[in-house]
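K.L.:
After the structure tokens below, expect a handful of questions from me.
Laboratory data are not the source of any read-out in this text; all were calculated from the coordinates shown. Values in this document were obtained by computation on a predicted structure and should not be read as measured data. Here the Cβ is made from the backbone with ideal geometry for all residues, glycine too, and neighbour counts use every protein chain on show.
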Amino acid sequence: MERKFIEYDFGRVDSERMRLNVGPQHPSTHGVLRLEIELEGEIVTDVIPHIGYLHRCFEKYCEQMQYPQVIPYIDRLDYIASMNNEWPFVMGVEKMMNIQVPERVEYIRVIFAELNRIANHQIAVATFGMDAGAFTPFLYLFRDREMILNLFEHTSGARLLYNYFWVGGLAHDVPPNFKDTALNIIKTVRATNEEVMRLLMGNKIFVERTVKVGILPADVAINFACSGPVLRGSGVEWDLRKAQPYSIYDRFDFNVCVGSNEIGVIGDSWNRNIVRMNEMEQSCRIIEQAIAQMPNEGDVREKFPKKVRPPKGEIYCSAENPKGELGFYLVADGGNKPFRLKSRPTSFVNLAVLPEICKGYMVADLILILGSIDIVLGEVDR
Amino acid sequence: MLVQEIYDNLKEKFPEAVLEFIGTATGDPSTVVDAGQIYNICKYLRDQDGLEFDYLALLSGMDYKDKFGTVYHLYSLKYKHRFVIKTYLPKEDPSLPSVERIWKTANWHEREAYDMFGIKFENHPNMIRILCPYDWEGYPLRKDYVGQETYHGVRIPV
Amino acid sequence: MGFLNRLDDPFNAEGIILGKVEDLLNWGRARSDWYLSFGLACCAIEFMAVNASHFDLMRFGCIPRPSPRQADFIIISGTVTMKMAERIITLYEQMAEPKYVLSMGSCANSGGPYWEHGYHVLKGIDRVIPVDVYVPGCPPKPEAFLDGIVKLQKKINQQAIFKKRAKLAEEEKIIVND
């Protein structure tokens, strides 16, 4: 039967704009974010984020604590990717104190950081799927995430907040069956990813809901200093692991994933997620290479300094977190406590772009756009 | 481009406003500029061919005990070089021009600096608190900050 | 002794159980706790893991409700700040009686790692609302959280509904006519 398009003439309809409050207690705001939105019918005309509902005084604490004591607080910034969080801070202090950590430590750090990147992207894709109404990928991805967390727990003693990277080395050595477990995890992650690609990313309903929604042009993304999958989804090839290689990332062969015009438009919600899916595969590749090259013997605690007391000076040290660039601006005055430690919070910077990209979309799409940015409120509010 | 070359370039263009070059044995070198000229200097750094600092990584407020300050960490995605600018502000009524019109990301960073240190940014579109509640008293990250006893009837200290 | 345990009694071949109505009511209430789906901080991620496939909270009869008006208990999963405390009081007051509070993690119990210099952190949720079960840990392991749920069920199992109603009716605090 032929479909008929009927045109009605309603004349000009004026509607009152409505102000609506989303959060701080809302199932889809991924924490305690409050959005004040202005609607015209179903169309979003303005969004004002109100943050600070989880402001835990992180920077004040850093000025009161000694350097090793700061690391647990850094864990609690982006609590989904704690291993990655600790790295830039530890690296910055090591640079200032001129400590060269052993090879084996560098390899273990790379492996754990990449494993945690996989765990973070699993949560990001799972919760984004849930925002779009797909519950099954959530169960699949969380099942696999438990394997990674078990390895972390076996190594560091904690499931979520590890306190594992210390200045000059690592808190403990890895367990004896570490290599086999890590390779086993990669195998499972790859199998599940293939399934999720078919189940979620290629799903017609999901594609229809996310393609051409929340388009973020590259120049806007750079002007807002977005980073991570949000920037790369817009087609900008900027990854700190390649752009300014830190640690030993120049030894591995991996690609920087960017968004494409393949299914959606560059910079839309679907592209931000496909970047995450592809990055998991790249992380698997890095882990495989790192396990093959890693030295078997060596003490991970041999370079511990007797006193962590960096000389007077200041440094900005950043690393590529799963969500983007996390940096720490450390000002030391020669004492055993930081004079000032300012973090460059990834989610805080990425969230600022939200009002720019969701104007003109439906209110149901607003939740999807927020999910595709992948924020963690612990890092937004600190 | 090396940091020293960028500094020389900037010093040539703004001989009055560029005050000092701080190179340390450990860590990053930085350039101190006049706070009143910060908007013009940042605009020059972004638009000048060969510099093109299009990425403001971090804007932080500072309390140096005897003075306040702000620090700008800049990247160029094209040339992959970085640069650090600093300003010093007086202890009483610190204020300086906003760079929000150059890099939009500065909007929230400047609000945070206002929230934590009480540094006011002129020409900022929305200069209100961001992390603390809107009716919070005092600026928490100042070195001489004393916390509130109660907030809306709830006791805060242990 | 729980109501269900009496089914194992060998003298009950007829399928008749003698017991108090209170036990039956409590048995039903304890095994269908609906909670307010509400996350605050790090603990909320562990709480999500409890909900997901590996630990499967729903086998305890706990079902998430997005509205406080439909919830039996609320889980304070994370650091409570001064800005958030007022909202939590509102949420708590919107819940219908009987209502319970489960405080998850050190931050909600006592301020946790943020107790000393946290100028914007509430040092324990029990300063503003009454708490029934405390689960320690930073964050608690999922097993510890499930133990907290079992503790809450035990508490509900032992509650004296009718005594309380009679007492309240005596004091004319509530009108009982049903």
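K.L.:
Relative to the longest principal axis of chain B, what angle (0 to 90°, nearest 10) does the C-alpha long axis of helix B:38-47 take?
P.N.:
Relative to chain B, helix B:38-47 is tipped by roughly 50 degrees.
K.L.:
To continue, here is another question. Post the alpha-carbon centroid distance, region B:90-158 to region A:260-306, in whole angstrom.
P.N.:
Taking the Cα centre of each part, region B:90-158 and region A:260-306 sit 37 Å apart.
K.L.:
Relative contact order for region C:38-178 using alpha-carbon pairs under 8 Å, separation at least 6, rounded to a whole percent?
P.N.:
Dividing the mean separation by the residue count of region C:38-178 yields 22 percent.
K.L.:
Longest exposed-loop-site-free stretch of chain A, with GluC sites (Glu not before Pro), DSSP loop and at most 10 other Cβ within 10 Å?
P.N.:
Between exposed loop sites, the widest span is A:43-261.
K.L.:
Looking at chain B from every direction and averaging, what is the projected area of its Cα convex hull in nm²?
P.N.:
Details: hull surface 43.5 nm².
The number I arrive at for chain B is 10.9 nm².
K.L.:
Further, regarding this structure: Kindly count the pairs of lysines across region B:3-155 whose alpha carbons are less than 15 Å apart, treating pairs on different chains or eight or more residues apart as eligible.
P.N.:
Lysine pairs meeting both conditions in region B:3-155 amount to 12.
K.L.:
Divide by every residue of chain A the summed helix terms, -39500 (n - 2.57) for each DSSP H run of at least 4, and state the resulting mean residue ellipticity at 222 nm, rounded to the nearest 500 deg cm²/dmol. List each step's numbers first, then the result.
P.N.:
On the way: 15 runs with 174 residues, N = 382.
The helix-only estimate for chain A comes to -14000 deg cm²/dmol at 222 nm.
K.L.:
A follow-up question, please. Please work out the ratio of the alpha-carbon Rg of region C:38-124 to 2.2 N^0.38 Å and round it to two decimals.
P.N.:
1.13
K.L.:
Measuring from centroid to centroid over Cα atoms, what is the spacing of region A:65-96 and region A:328-382 in Å?
P.N.:
17
K.L.:
If you keep only loop residues by DSSP, which GluC sites (Glu not before Pro) in region B:61-151 have at most 11 other Cβ atoms within 10 Å of their Cβ?
P.N.:
Sites meeting the loop and neighbour criteria: B:Glu92, B:Glu137, B:Glu149.
K.L.:
Once you mark the chymotrypsin sites (Phe, Trp or Tyr not before Pro) that are in a DSSP loop and have at most 15 other Cβ atoms within 10 Å, what is the longest gap between them in chain A?
P.N.:
The longest such stretch corresponds to A:136-382.
K.L.:
Any idea which of A:Asn120, A:Asn163, C:Val150 is furthest toward the positive side of the dipole for the protein assembly as shown, if Lys and Arg beta-carbons carry +1 and Asp and Glu beta-carbons -1?
P.N.:
Sorting the options by dipole projection puts first C:Val150.
K.L.:
Averaged across the residues of B:101-109, what count of C-beta atoms belonging to other chains lies within 10 Å of each residue's C-beta?
P.N.:
5
K.L.:
Could you name the aspartates and glutamates whose alpha carbon sits less than 14 Å from that of C:Lys83, not counting residues in the same chain fewer than 8 places away?
P.N.:
A:Asp381, B:Asp135, B:Glu137
K.L.:
Using Cα pairs under 8 angstrom and six or more residues apart, how large is the relative contact order of chain A, in percent?
P.N.:
26
K.L.:
Moving on to the next point. Report Rg (one decimal) and Dmax (nearest whole number) for the protein assembly as shown, counting Cα atoms only, units Å.
P.N.:
According to the Cα coordinates of the protein assembly as shown, Rg and Dmax are 27.2, 101 Å.
K.L.:
When the helix-only estimate is applied to chain C (DSSP H runs of n ≥ 4, each -39,500 (n - 2.57), divided by the residue count), what is the mean residue ellipticity at 222 nm, nearest 500 deg cm²/dmol?
P.N.:
Values: 6 runs with 64 residues, N = 178.
So the calculated ellipticity at 222 nm is -11000 deg cm²/dmol.
K.L.:
Now a separate question. To make sure I understand the rule: partners must be aspartates and glutamates, Cα under 15 Å from the Cα of A:Lys359, and not fewer than 8 residues away in the same chain. Which ones qualify?
P.N.:
Here the aspartates and glutamates satisfying the reach criterion relative to A:Lys359 are A:Glu36, A:Glu38, A:Glu40, A:Glu42, A:Asp46, A:Asp268.
K.L.:
If you don't mind, there's one more thing I want to ask. List, largest first, the extents of the alpha carbons of chain A along their principal axes, each in whole Å.
P.N.:
80, 44, 33 Å, listed from the longest principal axis down.
K.L.:
Then there's this: Return the whole-Å distance between the Cα centroid of region C:65-81 and the Cα centroid of region A:182-223.
P.N.:
31
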